[in-house]
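Visitor: The structure under discussion is supplied below as structure tokens; questions concerning it will follow.
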Amino acid sequence: MRVMLVDDDHDRLKLLREALVGSGNEVVAELATSSDLLTAVNRHQPDVVLIDVDAPSRDTLESLGQIARDRPRPIVLFAANSDAETIRRAMRAGVSAYVVDGMSASRLKSVIDVAIARFHEHQALKRELEDTKTRLADRRDIDRAKGVLMQRRGLSENDAYELLRRMAMDRNLKLGDAARALLAAADLI
Amino acid sequence: MTSRLEKASLELGIIPLVDAVPIVVAQAKGFFERHGLDIRISVEASWASIRDKVVAGVLDGAQMLAPMPLAATLGVDGIGMPMVTALSLNLNGNSIAVSNELYSQMVLEQTEPAAVGTALRELLQRDRMEGRKPRVFAHVFPFSAHHYELRYWLAACGIDPDRDLRLEVIPPPQMVQHLRDGRIDGFCVGAPWGAVAESAGVGRRIVSSYQIWNNSPEKVLGVTRDWAARHPNSHVALIAALIETNRWLDVPENRGEAARVLIESGVLDSPEPTIREALGVPDADSALFSPGLVFYNGAASFPWRSHAAWFIKQMQRWNQIGAEIQASDIAAQVYLPQIYRQAADLVGASYPGADTKPEGTHNGSWPMPVAQQVLTMGPDRFFDGATFEV
């Protein structure tokens, strides 16, 4: 795992680095909390970023997840003072993970693993949701396009579907896109 | 104070900005205390950490960017914790500034935002013909008035903010340094950071948020929906104390004292004259800076649902959220005028009867009748003449 560390506390950085390297990770960059994170993330392409909760550059990093041009990545936060309740609630709320001072090396590894797993799970869910939305929209538009063909050409439902399928194949379109093209054209007439 | 407070000892988060002044002054001048509240203020380094700490319960509430509680409730910020606001901390205060280099290249002859935008568009077109890489403008957070104002202004002037420019996020106190280092060519940020760039000789302000949308909403007092449900009396007390503070802040003679309190608090690491300027009442003929920050007058503290709806529409316009979301529904979940009215009753402040108002229809002050009196409202014009209704 390629890890980028962002913290101003040198002692804590050293502990984190040792724990991470000890469990087989590579620390690709160590940055001060006021540095230009956007550039650093683009240059080092880390798999995960560990950042001090109170880092001013936190906003910059968060924006990476909001703007489409850069690949969003898991962020693990660490804080000087957090109680168990804080961590639990933060985790539940969807922040990748909180690491607290004094955490042992073995727990640090598992926290980071969980954060990354959660991140990928979240990304997968998001993709799945988008796929489902597209499928539902496709089904609706295909039904409407069939209806238009049945009405205007006096076709049976099966024949209308066959015609739509052939149109899609001829134009190298997905069925849903062909249906939408037909509906748009029908609107014009 | 009449009701029993569920929690009297609260911790509130702020960002180093002049519009944190209501919270700083409410504590320094005893407005919180008067309502039975014991407040600790925590100065945070980034908007994301404000949001996370409110979500995690480390902070009870905080100064927030007006669109933040909406984004959190919609779940588009990756956290998805429902939040509410019952008070607008201020109107106006943002400015768009550019580096000295860009400023001299733009050769501005007029100060109207449309003319300034046209000059920028022509410059960017020349850039593209010469194959120059895109200029970088910064704002403060993906869900901020700054972000939407910047995009609104650029787009209305014929500039595509996603093609003709690169937009980045930088926390307010770091803006000036980034402009100085040449990492960005311009920014949209709250006071005093635009003035700080000018006084440090690294940039020039070219457009203010007041010019883009007269009396546009800026910061709010945000808490989680869960916190508000568990602490209804504390919430009302908090809002009441801040309404009183904002009323005090809009008495012109108090602005000098407010500046002194903010300077002495040490919250802002910026030159004192820039703080005084931001809290001063600018000359009426200063197109860029008049009327400056507004805290109370013209129902400035009221959480207008039309403000919320405008932000949601901008989120949709720029593809942060889907078109199927009903702006008025979300606005009603997050912006709570009824809590404001309860709090205003405690301190004898007037308030509007409606939850929304048409935006962009008033070029000057206008009277709004409220229960046997009249509130004098400020203008709410958009620079491109647009109007907006929920």
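The values are calculated or read from the model by the stated rules, or taken from the named source; none is laboratory data. What you see is a predicted model; the values in this text were computed from it and never measured. Glycine gets a Cβ as well: all are built from the backbone with ideal geometry, and neighbour counts include every protein chain shown. Side chains included, ligands, DNA and RNA excluded: accessible areas come from the protein's heavy atoms. Shrake-Rupley method; radii C 1.70, N 1.55, O 1.52, S 1.80 Å.
Visitor: Please specify each residue of the stretch B:331-346 satisfying the condition of being of a type outside the set (D, E, K, R) and either open to solvent by 20 Å² or more (accessible area, probe 1.4 Å) or assigned by TED's automatic domain parsing to the domain that holds B:Pro161 (or both). So that I can check it myself, show each step before the final result.
Guide: So in the stretch B:331-346, the residues of a type outside the set (D, E, K, R) come out as B:331-340, B:342-344, B:346.
Answer for the stretch B:331-346, where residues must be of a type outside the set (D, E, K, R) and either open to solvent by 20 Å² or more (accessible area, probe 1.4 Å) or assigned by TED's automatic domain parsing to the domain that holds B:Pro161 (or both): B:Ala332, B:Gln333, B:Leu336, B:Gln338, B:Ile339, B:Gln342, B:Leu346.
Visitor: Follow-up. Return the total of residues in the stretch B:128-164 being open to solvent by 10 Å² or more (accessible area, probe 1.4 Å) and either without any contact (Cβ under 8 Å) to a residue 40 or more places away in the chain or within 14 Å of another protein chain (Cβ to nearest Cβ) (or both).
Guide: 14
Visitor: Also, I was wondering about something else. Restricting attention to the stretch A:12-60, which residues are facing another protein chain (nearest Cβ under 8 Å) and either in contact with a strand residue (DSSP E or B) (Cβ under 8 Å, 6 or more places away or on another chain) or open to solvent by less than 40 Å² (accessible area, probe 1.4 Å) (or both)?
Guide: Across the stretch A:12-60, the qualifying residues are A:Thr33, A:Asp36, A:Leu38, A:Val53, A:Asp54, A:Ala55, A:Pro56, A:Ser57, A:Arg58, A:Asp59, A:Thr60.
Visitor: Then there's this: Is the stretch B:95-102 home to any residue that is closer than 30 Å to B:Ala331 by Cα, at pLDDT 95 or above and not in a helix (DSSP H, G or I)? Reasoning before the result, please.
Guide: Taking the stretch B:95-102 first, the residues closer than 30 Å to B:Ala331 by Cα are B:95-96.
Now narrow it down to the ones that are at pLDDT 95 or above: B:95-96.
Then keep just the ones that are not in a helix (DSSP H, G or I); that gives B:95-96.
Within the stretch B:95-102, one or more residues are closer than 30 Å to B:Ala331 by Cα, at pLDDT 95 or above and not in a helix (DSSP H, G or I).
Visitor: Against the condition part of a helix (DSSP H, G or I), of a type in the set (Asp, Glu) and within 24 Å of B:Ala323 (Cα to Cα), how does A:Asp138 come out, does it pass?
Guide: Working: part of a helix (DSSP H, G or I): yes; of a type in the set (Asp, Glu): yes; within 24 Å of B:Ala323 (Cα to Cα): yes.
Yes: the conditions hold for A:Asp138.
Visitor: On to the next question. Check off (1) open to solvent by 10 Å² or more (accessible area, probe 1.4 Å); (2) assigned to a strand (DSSP E or B); (3) within 14 Å of chain A (Cβ to nearest Cβ) for B:Lys53 and give me the number that stays unchecked.
Guide: Here B:Lys53 meets the rest and fails (2).
Visitor: Enumerate the strands (runs of 3 or more DSSP E) found wholly within the stretch B:148-233, keeping only those where 1 or more residues are among the charged types (D, E, K, R).
Guide: Numbers: elements: B:165-169, B:186-190, B:203-208, B:217-224.
In the stretch B:148-233, the matching strands (runs of 3 or more DSSP E) lie at B:165-169, B:203-208, B:217-224.
Visitor: In the stretch B:357-383, which residues are within 26 Å of B:Ala237 (Cα to Cα), without any contact (Cβ under 8 Å) to a residue 60 or more places away in the chain and open to solvent by 60 Å² or more (accessible area, probe 1.4 Å)?
Guide: Scanning the stretch B:357-383 gives B:Ala371, B:Gln372, B:Gln373, B:Val374.
Visitor: Across the stretch B:56-81, which residue is nearest to A:Phe78 (Cα to Cα) among those that are within 11 Å of another protein chain (Cβ to nearest Cβ) and open to solvent by 30 Å² or more (accessible area, probe 1.4 Å)?
Guide: That would be B:Val58.
Visitor: Let me ask something else. Which one of B:Leu87, B:Leu59, B:Leu5 is assigned to a loop (DSSP other than H, G, I, E, B) and either touching a strand residue (DSSP E or B) at 6+ places or on another chain (Cβ under 8 Å) or hydroxyl-bearing (Ser, Thr, Tyr) (or both)? Let's see the steps before the verdict.
Guide: Values: B:Leu87 fails: assigned to a loop (DSSP other than H, G, I, E, B); B:Leu5 fails: either touching a strand residue (DSSP E or B) at 6+ places or on another chain (Cβ under 8 Å) or hydroxyl-bearing (Ser, Thr, Tyr) (or both).
Of the residues listed, the single one that is assigned to a loop (DSSP other than H, G, I, E, B) and either touching a strand residue (DSSP E or B) at 6+ places or on another chain (Cβ under 8 Å) or hydroxyl-bearing (Ser, Thr, Tyr) (or both) is B:Leu59.
Visitor: Something else about it: Identify, by number, the condition in (1) outside the structural domain of B:Gln314 (by TED's automatic domain parsing); (2) in a helix (DSSP H, G or I) that B:Ala26 doesn't meet.
Guide: (1)
Visitor: Now for a separate question. Keeping to the stretch B:329-348, report how many residues are small (Gly, Ala, Ser) and touching a Leu at 6+ places or on another chain (Cβ under 9 Å). Spell out the reasoning first.
Guide: Here is the first cut: in the stretch B:329-348, the residues small (Gly, Ala, Ser) are B:331-332, B:343-344, B:348.
If we keep only those that are touching a Leu at 6+ places or on another chain (Cβ under 9 Å) too, we end up with B:331, B:343.
So the answer is 2.
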